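Derivation of every value follows stated rules applied to the coordinates shown; laboratory data play no part. Note that the structure is predicted; figures quoted are calculated from it, not measured. Note that each Cβ is placed from the backbone with ideal geometry, even for glycine, and that neighbours are counted across all protein chains shown.
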Amino acid sequence: MPDLLLELFSEEIPARMQAKAADDLRRMVTDKLVAEGLVYEGARAFATPRRLALIVHGIPARQPDLKEERRGPRVGGAEPAIQGFLKATGLSSISEAKIQSDKKGDFYIALLEKPGRPALDVLAEILPVIVRTFPWPKSMRWGARSARPGALTWVRPLHAITATFGPETEEPDVVQFSVDGIEAGQTTFGHRFMAPNAISVRHFHDYEAKLQAAKVVLDPRARKDMILADAKTLAQAQNFELIEDQGLLDEVAGLVEWPVPLMGSFDEEFLSIPDEVIRATIRNNQKCFVVSDPNTDKLTNKFILTANIEATDGGKAIVAGNERVIRARLSDAKFFYETDLKTRLEDRLPKFDHIVFHEKLGTQGERIKRIERLAAEIAPLVGADIEKTKRAARLAKADLLTEVVGEFPELQGLMGKYYALAQGEDASVAAASEDHYKPQGPADRVPTDPVSVAVALADKIDTLVGFWAIDEKPTGSKDPYALRRAALGAIRLIAENELRLSVLEVTNSALGSLLEKRPKEAIIDDLPSDLLAFFADRLKVQLRDQGARHDLVDAVFSLGGQDDLLLVVRRVEALGKFLDTDDGKNLLAGTKRAGNILAIEEKRDKRTFDGAPDPSLYRRDEEKALAKAIDQVKREASNAVAREDFAGAMSALAKLRPAVDAFFDKVKVNDDDLKVRENRLKVLNEIRAATRAVADFSKIQD
Amino acid sequence: MPTMDSLPAHMRPERSFQGLILTLQRYWADYGCVILQPYDMEVGAGTFHPATTLRALGPKRWNAAYVQPSRRPKDGRYGENPNRLQHYYQFQVILKPSPPDIQELYLKSLAAIGVDSALHDIRFVEDDWESPTLGAWGLGWECWCDGMEVSQFTYFQQVAGVECAPVAGELTYGLERLAMYVQGVDRVYDLNFNGREGAEKVGYGDVFLQAEQEYSRHNFEIADTAMLFEQFRMAEEACKKYLAAGWREGSNQREHLMALPAYDQCIKASHVFNLLDARGVISVTERQSYILRVRDLAKACGEAWVHTEAGRAA
């Protein structure tokens, strides 16, 4: 069966857009083919800086024929209706139509056969539409045609379209179409500098091979493999190690059609700058890899660039040029770093009073003071030294005003740590600069030093309370202030460090600080509870992501007053384990059954069945046994919960199961004697009450 | 056009700063550009020259090239930084409509100044351009030579709030950087300016080092902010006044007769704002509102321009 080869040849496509564009091209073309009844065997798409290419294998040469019956007007219907039917169906006279009878009468039916069209024609129709509607994140007009309405837009000027269709063994057809003056053909071009001439291509195989000969590696994966392998070899040849960097590798592979890694070096004096600053300088500004010495685990004075040409001098001029730029960049970085070291972190703080954090939440200065106060309150709860915590909170954000962080925002915190150590701060205080931002995501490390933990929690809670207070809560996919991440960060800090604290108390305290300065911002009723519900949601999401049962979170929060997140997590864990046992499953079933019966009867009688059952009304042994079991279990479970022994509470609950089972087995709840019935409903209510010692079973999904 | 080899050594682009400028001017003159002289006002970039900002608008063909001294008061470093200047030169080329071979034209211009693409790694790296003060944006690249950004390449999509129809291509060469590269010099002040050696040699530092020191003092410490605030206000008012005065009802269409003088005042306001910004007397929130005020002027000038002889359809 025939294959389609499509190439869209343009000026340089931004590296970051290439992978998605290749994927979009494949998806758009294959979706259209399938919608047109052309089921293909396989498709692959590729991108280089100057081209998007697509091969679709095994497309049928024709669409399948379609047969369709079209129902027309009633036999003997009005003449205009019959004429209209003939026109719509292309029949020459009504005698060509069949007549079909049903309950409503006799109707004309036209049998239409729509022969499938050649795939070549279908392609000529769909491809220009795809080019016209391609979803580039940003696209542009160019050239003389850009003055006309409806001018083609593309990511950068589009120069040529190759579109061939045919079986691999034959000379293919060109798919005939044009888009805004660009005719599809079979001519493409090689490498911009090394092989710029036109190339005539037929099928994918000769296309890929001819491009390779014209110094273009079509497949981005192949380019990445080449860069990585060569870069490693270059580093290893000098007994060094390449610092691998996937993001950079992806980007660099999108900047070259013919990758040629080369190694350069810089003056060793620059190694006095922190490694991270050297790496950020070389990576962000120059898109080069850095190299470490495995003996010291520190960077060496080498870097690896990826050129796009095999230069006639073997790359000497290219290396020399890059070395010169990197030297200038590192000189800047070194100057920034050394300038930063001349000012103590605390001396930068007054400037924060003039920097607005958020229009409604005041300056960074106010925020830092709030965090300091809150961190000091949290410190004793997490076993942190109060003075150190206050110092850490005060200095934690000071590096935002340094030159290096201004240049490389991703080094915030880390630079603070270096500058704090350089000015002789306590190690815990210094570490908090870096660690109070953590954890940034599910994979990020959670700090364990109590000082960092206190500042990290205070930072996150202040952020959450602030944005809650001004009603900037996340909605749907919108979370511009990363509040979900902040809440999840707080949860992980608490859970992984096994911290005991009341979220309500801490948020109340943070709210208090905020209101001192900005009283009119208190616009949400009961902010701490609302925020607690948000934590509950985050906890559910986290458990779901871990594959754990997230419905149990609701079962625990539904009890009310659960604002000690560590206990919530532990209770959820114990509950999950319990529900995995037979006792757990059956008790859940029994409790639900009790709940269901109660719900029905409460509705019928329009009353509840609270209150202690009357032992004198017990008629059967199973009732007495259950009542006794409930008393015992309630006491044991509550005691266990009070000891925070949730496993113990679950074991206590397990004892309830045989009595509940026996009760439902032998006892009829709706006894004819209304007094007995009421009493039995009260017993059922007691089951529910007993299980509430650990969770609201009604919230648990079966 | 004479080949590089036929030039005397002191005129060659890799030997002298002025030789580089002359070579680029010859190259683009040979292509058919009008070679203009720098605009006689202080601007932040070659784009501000009316030959770009205003001429990019409207349907008429326009191919021009010129050197533009560019002032970035904040970038001054008292002459102490090897490559940061508060005053530097841009070489600006504007081609409307953008020709289909504009990338090749650019690469040939690099070859003309001695950048051999068989030896050097030339790259087009994504860089979308946006000028909030000019109400302008475009897509294009930074052009890298061996890892150094040597030019900006932009397809203008909108300028002064007006859609470009047709689109113009803009090339901006950072002349000092390019010269440092082709001369193999690490410090801008070490550039050979006139291509002579020995006693006859004039370096970039001989011409500009003192100016960098003096203007850095001026820009950061001394510039009279009360006067500058007043100048901003005056330029803004004058711009609006000239714009208002320029409108006429022509025989069959509205016309504007004073877009250029009005635009001068917009340029003036923009530069005065840059000086105030360098003096650190504009807060973060105010900053945005100043930018918007300049943009409003630029937009009104663009609107006026497309109603002038040069800015409208024939």
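Net charge near A:Gly254: determine it from the other residues with C-beta under 9 Å of the C-beta of A:Gly254, scoring Lys and Arg +1 and Asp and Glu -1.
Surrounding charge for A:Gly254 is 0.
R0 = 45 Å: FRET efficiency of A:Lys342 with A:Gln236, Cβ-based, nearest 0.05?
For R0 = 45 Å, the calculated efficiency reads 0.70.
P(r) for segment A:130-245, please, calculated from all Cα pair distances in 10 Å bins and given in %.
Spelled out per bin, shortest first, that is 11, 27, 31, 18, 9, 2, 0.
Just to confirm my numbers, what's the Cα centroid distance between segment A:152-185 and segment B:10-89 in Å?
After rounding, the separation between the Cα centres reads 40 Å.
Using every Cα-Cα pair within segment A:347-547, state what percent have a distance larger than 28 Å.
Across segment A:347-547, Cα pairs with separations above 28 Å total 22 percent.
Segment A:334-401: which GluC sites (Glu not before Pro) are DSSP loop and have at most 13 other beta-carbon atoms within 10 angstrom?
A:Glu359
If we count other beta carbons within 10 Å of each Cβ, what is the order of B:Ser98, A:Ser513, fewest first?
A:Ser513, B:Ser98
In debye, nearest 20, what is the charge dipole magnitude of chain B about its Cα centre with +1 on Lys and Arg Cβ and -1 on Asp and Glu Cβ, if you could check?
760
Counting pairs of alpha carbon atoms under 8 Å apart in space and at least six apart in sequence, what relative contact order in percent does segment A:493-633 give?
22
With the calculation restricted to Cα positions, what are the radius of gyration and Dmax of the protein assembly as shown in angstrom?
37.5, 124
For the pairs A:Lys20/A:Lys210; A:Lys460/A:Lys517; A:Lys369/B:Lys74; A:Lys417/A:Lys473, note any where the Cα-Cα span goes beyond 29 Å.
A:Lys369/B:Lys74; A:Lys417/A:Lys473
Which one of A:Ile227, A:Phe663, A:Gln83 is farthest out on the positive end of the charge dipole of the protein assembly as shown, using unit charges on Cβ (Lys, Arg +1; Asp, Glu -1) and the Cα centre as origin?
It is A:Gln83.
Run down the lysines and flag those whose C-alpha is under 22 Å from the C-alpha of A:Lys87, throwing out any fewer than 8 positions away in its chain.
A:Lys67, A:Lys98, A:Lys114
How are the Cα pair distances of segment B:4-219 distributed, in percent, across 10 Å bins from 0?
Calculated over all Cα pairs of segment B:4-219, the distribution is 8, 33, 37, 18, 3, 0 percent.
What list do you get for A:Thr591, A:Thr233 if you sort them by fewest beta carbons within 10 Å?
Sorted ascending by nearby Cβ count, the order is A:Thr233, A:Thr591.
To make sure I understand, if each residue's beta carbon is the centre and we count other beta carbons within 10 Å, what order do B:Phe156, A:Phe408 fall in, fewest to most?
So the residues, fewest neighbours to most, are A:Phe408, B:Phe156.
Determine the gain in length on full extension of the stretch A:Lys104-A:Lys585; use 0.36 nm per residue of separation and subtract their C-alpha separation, reporting nm with one decimal.
Using 0.36 nm per residue and subtracting the Cα-Cα distance, I get 167.4 nm.
Build a GNM of chain B with springs between Cα atoms under 10 Å: which of B:Arg254, B:Arg293, B:Arg71 gets the top mean-square fluctuation?
B:Arg254
Roughly how many whole Å is it from the C-alpha centroid of segment A:21-35 to that of segment A:312-346?
45
Between beta-carbons, use under 13 Å as the cut-off and find the net charge around A:Ser428, counting Lys and Arg +1, Asp and Glu -1.
Net of charged neighbours comes to -3.
Just to be sure I understand the curve: with the Debye formula and one point per C-alpha of segment A:66-114, what is log10 I(q)/I(0) at q = 0.25 Å⁻¹?
With no solvent term, the Cα-only Debye profile gives -0.91.
Can you give the convex hull volume per residue for the Cα atoms of segment A:471-588, as a whole number of Å³?
121
Determine the relative contact order of chain A: mean sequence separation of Cα pairs under 8 Å and six or more apart, normalised by residue count, in whole percent.
That works out to 7 percent.
So which lysines can A:Lys675 reach, going by Cα to Cα under 27 Å and dropping same-chain residues fewer than 8 places off?
Straight-line reach from A:Lys675, under 27 Å: A:Lys592, A:Lys603, A:Lys606, A:Lys624, A:Lys628, A:Lys634, A:Lys666.
For segment B:223-305, divide the Cα radius of gyration by the Kirkwood radius and give the resulting Rg/Rh value with two decimals.
Taking Rh as the inverse mean 1/r over Cα pairs, Rg/Rh reads 1.08.
Pick from B:Ala118, B:Ala223, B:Ala64: which residue has the top mean-square fluctuation in a GNM of chain B where Cα pairs under 10 Å get a spring?
Comparing B:Ala118, B:Ala223, B:Ala64 in a Gaussian network model of chain B, the most mobile one is B:Ala118.
Using every Cα-Cα pair within segment A:91-154, state what percent have a distance larger than 18 Å.
66
Straight-line reach from B:Lys201: which aspartates and glutamates have Cα under 19 Å away, leaving out those fewer than 8 places along the same chain?
Within reach: B:Glu14, B:Glu176, B:Asp186, B:Asp190.
Using 10 Å bins from zero, what percent of all Cα-Cα pairs in segment A:235-308 falls into each bin?
Spelled out bin by bin, segment A:235-308 gives 19, 56, 23, 2 percent.
Could you compute the FRET efficiency for A:Asp250 and A:Asn639, with r as their C-beta to C-beta distance and R0 at 56 Å, rounded to 0.05?
It comes to 0.45.
For segment B:145-215, which GluC sites (Glu not before Pro) are in a loop by DSSP, counting at most 12 other Cβ atoms within 10 Å?
Sparse-neighbourhood loop GluC sites (Glu not before Pro): B:Glu197.
Past the 17 angstrom mark, what percentage of all C-alpha to C-alpha distances in segment B:1-123 do you count?
Result: 64 percent of Cα pairs exceed 17 Å.
Taking only C-alpha pairs under 8 Å that are 6+ residues apart, what is the relative contact order of segment B:128-279 in percent?
Here the relative contact order equals 13 percent.
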